[in-house]
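Please read the structure below before turning to the comments.
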Amino acid sequence: MAEQSGRVEECPPAPPPSTGEVCVEVKACGLNFFDTYIRHGLSPVCHPPCTLGLECAGVVEAVGEGVQSVKVGDHVAVHCENGGGCSEQVTVDAASVLVLPKDMSFETGAAFTVNYLTAYFCTEHLGGIRPGGAVLIHGAAGGVGWAATQMVKKVTGVTVFGTASQSKHSVIMDNGVDFPIHYQQSYENIVLEKRPTGVSLVLDSLCGADFTISQKLLEPLGKVVLLGARGMVSGEQRSVWRVLTTWWNTKNVSPYSLIMNNCAVAGFNLHELKRKNPSIFAEGWKKILDMITAEELKPRIDSVWKFDQIVEASKRITERKNIGKVIICP
């Protein structure tokens with residue numbers, strides 16, 4: 001549990017399931033960069049004290065009255081939109097669990113909900129990537145970046161530019177990135193050198209000054225999709241300066257510029273999508289699971305940690321050392 005900004009303490013027990021709820025014994029929990037926002041008090045949804053963990057996987061222990069979609073003993077993935085996944089047990093609404101194949105590991109079950117759903121909606125629904133297009137993915141070695149690369153590579157002839165540290169380039173190329181770019185390089189020049197017309201889609205998880213550059217890289221009918229603001233956090237520190245510069249660079253979007261350049265800017269928040277349109281969330285969740293089961297998509301487990309190592313595991317994400325998903329197990 002995050003008792004206050006920056007601190008992680010013990011986890012409280014989960015309450016028994018009420019009507020329409022499910023209690024799950026957690027076997028694995030997936031960490032996300034958003035957990036860092038929570039720890040630093042930057043989340044508009046979860047405020048310390050709260051239990052970290054937006055997704056987990058485990059075994060159904062009990063079901064409340066009226067629940068028919070799952071039964072005791074089922075292996076399930078769990079979406080914890082208000083946190084709580086980093087616990088030994090979690091109680092959620094039945095719509096927040098998805099039955100997994102018994103032969104799928106709990107680590108994999110905890111690795112795909114947030115990252116792959118975000119990538120799916122940003123590329124297929126908001127991005128509308130077409131055959132022959134090009135995509136720039138910031139943080140291509142991270143959880144969402146890894147998933148998004150696999151998503152867009154399902155479309156014929158798509159070129160992928162991906163930013164990552166030099167040591168990760170060979171791995172992200174194996175995952176489908178055509179042109180790896182060191183995140184400290186001038187990626188604007190590299191992208192335009194390889195593709196002078198610009199790219200069809202930019203997945204921007206950085207915001208700040210990168211938001212302005214992203215718009216300049218769009219070809220006609222291109223889109224920037226904002227899906228995070230990692231630039232606000234530097235290592236284990238929340239940077240007030242970075243927060244202010246992120247706000248300054250994103251506070252105004254010029255409608256005139258968008259019209260004249262025939263481009264668009266969109267934003268994505270998985271929590272709000274689920275709250276306002278649960279049916280499309282559920283449909284996408286099942287579709288992702290089907291593609292993973294068919295091995296069309298392959299989540300990558302970066303590392304597995306114990307609950308008492310959650311601070312070290314979180315640092316692996318904030319220090320950008322992970323390639324794929326960081327998992328916490330009881």
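No value in this document is a laboratory result; all are computed from the given coordinates. Values in this document were obtained by computation on a predicted structure and should not be read as measured data. For neighbour counting, all protein chains shown are included, and Cβ atoms are generated from backbone atoms with ideal geometry for every residue, glycine included.
Tell me the label-point distance for the pair residue 286, residue 104, using the 7 Å Cα-to-Cβ offset, in nm and rounded to one decimal.
1.3 nm
Would you mind telling me the antiparallel percentage of the DSSP bridges in the stretch 41-190, rounded to 5? Can you show the working numbers first?
Working: 8 of 16 bridges.
About 50 percent, rounded to the nearest 5.
Taking the beta-carbon count within 10 Å as an exposure proxy, list 60, 72, 144 from fewest neighbours to most. If you can, show how the numbers build up before the last one.
Details: 60 22, 72 11, 144 26.
In order of increasing Cβ crowding within 10 Å: 72, 60, 144.
Using modelled backbone amide H atoms (1.01 Å from N, in-plane), which distant-in-sequence or interchain residues come within less than 5 Å of residue 202's amide H?
136, 223, 224, 225
Give the distance, in whole Å, between the Cα centre of the stretch 118-178 and the Cα centre of the stretch 267-328.
Cα centroid to Cα centroid, the span is 16 Å.
For a quick check: with amide H placed at 1.01 Å from N, whose amide H comes under 5 Å from residue 27's, ignoring anything fewer than 5 positions away on the same chain?
Amide H neighbours of residue 27: 57, 58, 59.
Determine, from the Cβ-Cβ distance of residue 68 and residue 221 and an R0 of 51 Å, the FRET efficiency 1/(1 + (r/R0)^6), rounded to the nearest 0.05.
Values: r = 45 Å, r/R0 = 0.88.
About 0.70, to the nearest 0.05.
From the backbone phi of the stretch 149-154, what are the Karplus-calculated ³J(HN,Hα) couplings (6.51 cos²θ - 1.76 cosθ + 1.60, θ = phi - 60°) in whole Hz, Gly and Pro given as x?
Residue by residue, the stretch 149-154 yields 4, 5, 5, 6, 6, 6 Hz.
List the residues, sorted by chain then number, that are 5 or more residues from residue 139 or on another chain and whose placed amide H is less than 5 Å from its amide H.
163
Bins of 5 Å, beginning at zero and ending with the bin holding the largest distance: percent of Cα pairs per bin for the stretch 68-195, please.
In order of increasing distance, the bins hold 2, 10, 17, 17, 16, 12, 11, 8, 5, 2, 1, 0 percent.
How would you classify the stretch 172-230 from its alpha-carbon gyration tensor, with a ≥ b ≥ c the square roots of the eigenvalues: rounded for a/c under 1.5, else prolate if a/b is greater than b/c, otherwise oblate?
Working: a/c = 1.39, a/b = 1.08, b/c = 1.28.
The shape class here is rounded.
Could you derive backbone 3J(HN,Hα) for the stretch 265-271 from the dihedral phi with the Karplus parameters 6.51, -1.76 and 1.60 (θ = phi - 60°), listing whole Hz in sequence and x where the residue is Gly or Pro?
10, 10, x, 9, 9, 4, 4
In sequence order, what are the phi-derived ³J(HN,Hα) couplings for the stretch 24-34 according to the Karplus relation 6.51 cos²θ - 1.76 cosθ + 1.60 with θ = phi - 60°, rounded to whole Hz, with x for glycine and proline?
Using θ = phi - 60°, the values come out as 10, 7, 6, 10, 7, 10, x, 8, 10, 4, 4 Hz.
For a 30 Å ceiling on Cα separation, which of these pairs sit above it: 276/315; 168/216; 71/321?
In this structure, 276/315; 71/321 exceed 30 Å between Cα atoms.
Could you compute the net charge surrounding residue 285? Neighbours are other residues with a C-beta less than 13 Å from the C-beta of residue 285; K and R count +1, D and E count -1. Don't skip to the end; give the middle numbers.
Numbers: positive: 274, 286, 287; negative: 55, 81, 283, 290.
Cβ neighbours under 13 Å give a net charge of -1.
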